[in-house]
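The values are calculated or read from the model by the stated rules, or taken from the named source; none is laboratory data. Since we're looking at a predicted model, the values are computed, not measured. No Cβ is skipped: glycine too gets one built from the backbone with ideal geometry, and neighbour counts run over all protein chains shown. Calculation scope for accessible area: heavy atoms of the full protein, side chains included, ligands and nucleic acids excluded. Shrake-Rupley method; radii C 1.70, N 1.55, O 1.52, S 1.80 Å.
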Amino acid sequence: MKRMAPLTLLWALAAMPVAAETLLERGTYLMRSIVACGNCHTVQTPDGPAPGGELAGGLAIKFDEFDAYPSNITPDVATGIGTWTDGQIIAAIREGRRPDGSIIGPPMPIGLYSRISDGDAKAIVAYLRSVPALSNKIPKSVYRIPLPPSYGPPVAGVPEVSRDDPVAYGAYLAGPLGHCLECHTPFVKGRPDFDNALGAGGFEFPGPWGVSVSSNITPHADDGIADYSDAELKTVITTGVRPGGSRLLPPMGIAYYRNISDADLDALVAYLRSLKPLPSP
């Protein structure tokens, strides 16, 4: 048999199809980076997620309107989601509806999660099925505001978002997947004002750290990110350290965001640059 020349061999290998990413691989990447469900559903310490309790329930999230207790979303049968079907888990994520028909309240950003693609929703379920089942009974959340009877009609299907357009894919990362826009947009009458103040920041988060205020992530010259280089923005997202050395406070999920891929960071930055420059509220 004639031996293939080294350069010809390299061309041949480059032309071979790359193995497709499995649902579990995709789900693992998403959950350990931009989606970061563990940022709420796992107890957090100053150094990141508490070991041994992944997705078994997090610390109480308290606002004037509610005391929310992030639920156990491990496959435990008694206290988690072990008896839920894949379809029921996806409905809970994208429609805010549990198998018993009850409605999931804030801070779950159902309006954004409703646009998670079918493939990514299945990938997230694959990851949730893979984590250890942990027994941990979580109290019911208490709401001092009425919850809607539903967040809209059932989600029939959401197509995949192309990664060929960085701005469009960055919008998908910052919206449906990472819900960055939920936190970085001021609220009016209990809802983020996406129409008038998208990305302008100003939302207050009380917690053990005190009160943190979400930053303006629009390219506004004075209040936003206009003066940040792309590299500086990526450093802020993945390390929580601003160019001047100051550190971001929770609930920024730096322990997860440090795992965002270079390509996804490029898309996120491209999208943030495309936002309308707005002053901080």
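Points to keep in mind about this one:
- Selected residue (only one of SER274, SER212 is touching a residue at least 60 places away in the same chain (Cβ under 8 Å), farther than 14 Å from GLY178 by Cβ and out of contact with any Ser or Thr (no Cβ under 8 Å at 6 or more places or on another chain)): SER274
- From the list GLY244, GLY190, GLY224, GLY202, the lone residue that is over 17 Å from the mean Cα position of the chain (by Cα) and open to solvent by 70 Å² or more (accessible area, probe 1.4 Å) is GLY244.
- Subset tally (residues that are at pLDDT 95 or above, of a type in the set (A, V, I, L, M, F, W, C) and surrounded by fewer than 19 Cβ atoms within 10 Å (Cβ to Cβ)) for segment 156-187: 3
- Residue in segment 109-132 that is in contact with a Ser or Thr (Cβ under 9 Å, 6 or more places away or on another chain) and assigned to a loop (DSSP other than H, G, I, E, B) present: yes
- Scope segment 55-70; condition over 11 Å from GLY105 (Cβ atoms) and crowded, with 20+ Cβ neighbours inside 10 Å; matching residues: LEU55, ALA56, GLY57, GLY58, PRO70
- The residues of segment 173-207 that are assigned to a loop (DSSP other than H, G, I, E, B) and among the acidic types (Asp, Glu) amount to a single one, ASP193.
- The set of residues in segment 247-271 that are open to solvent by less than 50 Å² (accessible area, probe 1.4 Å) and small (Gly, Ala, Ser) comprises GLY253, ALA255, SER261, ALA267, ALA270.
- Selection status of ILE90, open to solvent by 20 Å² or more (accessible area, probe 1.4 Å), more than 25 Å from ARG144 (Cβ to Cβ) and not in a loop (DSSP other than H, G, I, E, B): yes
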